[in-house]
Ligand SMILES: Nc1ncnc2c1ncn2[C@@H]1O[C@H](COP(=O)(O)OP(=O)(O)OP(=O)(O)O)[C@@H](O)[C@H]1O
Ligand SMILES: O=P(O)(O)OC[C@H]1O[C@](O)(CO)[C@@H](O)[C@@H]1O
Ligand SMILES: [Mg+2]
């Protein structure tokens, strides 16, 4: 049973006792009845034969909310990812393709590698194509044949061996190409825009009644995709950012009144800047889009820089690229440029800020200032995934493969409170996660940097808390995953 929800997608929800809700993902049998099944070939695989209860129980679900109160309803759950006893594709029937879209991210090649190896080694599938250069590659480019041999070493390289792009999403041309090539499993790796694109591809495939499974693997270096615990590549990016912050610290500490400014990625969310700052401990000020700040006057950034230099002789500032964009557009003429996907192009806040700091010290103070600006933006994402991201990418890829083989479609995969789950597209595209500045993680950061609150007084924080979380006190990271949008509309189906 389902009900209409946003755009064309149908909310497949099942409710149980004590406020339990399963937000399920679509299945090919929802629109193609009587599809034949066959036993999962994994049960004959010697590597897995020793594993007790290797197959996921068909009732297993993963809870979205891990912190609950005695009287809380059980809340939203997602279907647990993993291999099923029955599959809906014979191995030699499968013709899979993989596409990567949006910006680069460490671990992209690992996901590609593990989809290919998972399909080959676990399910005996040997027809897999890479779509060259993102969505437009479906209809504008030749495909790339992917085998375990071709992908063997690619996890050691940054980037994506099949290329990526922004823009160029023409749904009907893409689905025509899927149909013409006889593709029946589509693995789509990309960020929020890509997952929106995957959702419309799934809708069109369903409309045409095709036996084609569409699986999304969420990617974003900014770690701003809701529901999932974290996105792959984020850990690697934070680690790589340490090198830039170290360099800024060494430079600043070696010269009179040295200031190191480091700009990191994060258009709308400051997760990379926040985690890189917390990890480093050398940072005196972290500026993110979620936390407004100002430059001049009492309690402003310039006053803080002067004070830190007088106290300590040097300082390091880390900024997310989306921080202070309001200040920038006030002083520069706003350009309003967009990339091919329609994302707003930001102006270089790091350069602008560095110049403003230099001007302030030259014109308003008698202090010497030595400022070094470091912009490692692309260096933190054009590298291979680290060990932890590589393991994570393997699980994501295998979860996607198990899901598609089991006939699920129109889903994205990811860990929810540590367990991999199949999540409906709308859940990961309906909003973007941001750092919650009333959360304990941001408080930890402020305690570590000692930066000013820039007018965010305890009173303001209390007000925000009253509005945002009526009864939940500061739960670590929990408020990032709060969801208030669809749950109230779900009808009871018990
Ligand atoms: N609403 C949408 N419907 C269909 N396709 C979309 C939509 N939004 C974006 N796309 C397509 O998805 C692809 C990737 O989008 P985008 O460039 O915004 O990157 P992304 O997936 O959000 O990743 P990131 O932001 O991490 O770089 C593009 O080809 C774009 O045309
Ligand atoms: O310069 P590009 O390739 O468009 O990508 C830049 C953007 O991609 C992101 O990393 C998102 O993936 C943003 O943080 C950043 O602004
Ligand atoms: Mg995006």
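Remarks
- Between 233, 297, the distinction of being surrounded by fewer than 22 Cβ atoms within 10 Å (Cβ to Cβ) and out of contact with any strand residue (DSSP E or B) (no Cβ under 6 Å at 6 or more places or on another chain) belongs to 297 only.
- Only residues that are within 16 Å of ligand 2 (Cβ to nearest atom) and either loosely packed, with under 14 Cβ neighbours inside 10 Å or farther than 30 Å from residue 232 by Cβ (or both) were counted in the stretch 352-381, giving 2.
- Output for the stretch 249-279, where each listed residue is part of a loop (DSSP other than H, G, I, E, B) and within 11 Å of ligand 2 (Cβ to nearest atom): 265, 266, 267, 268, 269, 270
- Selected residue (only one of 56, 67 is touching a strand residue (DSSP E or B) at 6+ places or on another chain (Cβ under 9 Å), part of a loop (DSSP other than H, G, I, E, B) and over 19 Å from residue 427 (Cα atoms)): 56
- Residue identified as surrounded by 22 or more Cβ atoms within 10 Å (Cβ to Cβ), at pLDDT 95 or above and within 15 Å of ligand 2 (Cβ to nearest atom) among 191, 137: 191
- Scope the stretch 179-198; condition in contact (Cβ under 8 Å) with a residue 12 or more places away in the chain and more than 14 Å from ligand 3 (Cβ to nearest atom); matching residues: 179, 181, 182, 183, 184, 185, 186, 187
- Test: residue in the stretch 187-202 that is away from ligand 1 (no atom under 15 Å from the Cβ) and touching a helix residue (DSSP H, G or I) at 6+ places or on another chain (Cβ under 8 Å): no
- Residue in the stretch 272-280 that is within 16 Å of ligand 1 (Cβ to nearest atom), surrounded by fewer than 23 Cβ atoms within 10 Å (Cβ to Cβ) and either under 21 Å from residue 418 (Cα atoms) or modelled with pLDDT of 95 or more (or both) present: no
- The test for being part of a loop (DSSP other than H, G, I, E, B), away from ligand 3 (no atom under 16 Å from the Cβ) and crowded, with 23+ Cβ neighbours inside 10 Å does not hold for residue 174.
- Flag if residue 182 is away from ligand 1 (no atom under 16 Å from the Cβ) and either over 30 Å from residue 406 (Cβ atoms) or in a loop (DSSP other than H, G, I, E, B) (or both): yes
- Apart from one condition, residue 282 fits all of (1) under 18 Å from residue 241 (Cβ atoms); (2) more than 13 Å from ligand 2 (Cβ to nearest atom); (3) in contact (Cβ under 8 Å) with a residue 40 or more places away in the chain; the exception is (3).
- Some residue of the stretch 94-103 being within 16 Å of ligand 3 (Cβ to nearest atom), out of contact with any strand residue (DSSP E or B) (no Cβ under 8 Å at 6 or more places or on another chain) and within 19 Å of residue 195 (Cβ to Cβ): yes
- Conditions (1) free of Cβ contacts under 8 Å to residues at least 60 places away in the same chain; (2) surrounded by fewer than 18 Cβ atoms within 10 Å (Cβ to Cβ): number failed by residue 45: (1)
- Single unsatisfied condition, residue 220 versus (1) touching a strand residue (DSSP E or B) at 6+ places or on another chain (Cβ under 9 Å); (2) more than 15 Å from ligand 3 (Cβ to nearest atom): (2)
- If you filter the stretch 300-342 down to residues that are in a loop (DSSP other than H, G, I, E, B) and touching a strand residue (DSSP E or B) at 6+ places or on another chain (Cβ under 9 Å), you find that the one that is farthest from ligand 1 (Cβ to nearest atom) is 313.
The values are calculated or read from the model by the stated rules, or taken from the named source; none is laboratory data. Fair warning: this is a prediction, and the values are worked out from it, not measured in the lab. Cβ atoms come from the backbone with ideal geometry, glycine included; neighbour counts cover every protein chain shown.
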